[in-house]
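Just so it is clear, none of the values below were taken in a lab; they were calculated from the coordinates. As the structure is a prediction and not an experimental result, all values here were calculated from the model. No Cβ is skipped: glycine too gets one built from the backbone with ideal geometry, and neighbour counts run over all protein chains shown.
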Amino acid sequence: MRTLRTTSIVAALAGAALLAGCVAAPPYYDRPPPPRGAKGGDRDRDGIPNRMDRDRDGDGVPNRYDSRPNDPRYR
């Protein structure tokens, strides 16, 4: 009986230790936004650099259809 209790406690602690690393926040939340005009910045702060972002200003219109792809006030 004592062995079963010890085994279940050890198993519970091992499971908790494995799951403890699963709740870490992504690393980009604690970084400040890039300075304006920086090469490869992230204008809409979605985590995708401007040079690879299909909607650079975050207004919902893809850059190739956006009349002003760097200004979210205009579509």
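Computed extension gain for TYR65 through VAL10, at 0.36 nm per residue and net of the alpha carbon distance, reaches 13.9 nm. With R₀ fixed at 22 Å, the C-beta to C-beta distance from TYR74 to ARG54 puts the FRET efficiency at about 0.80.
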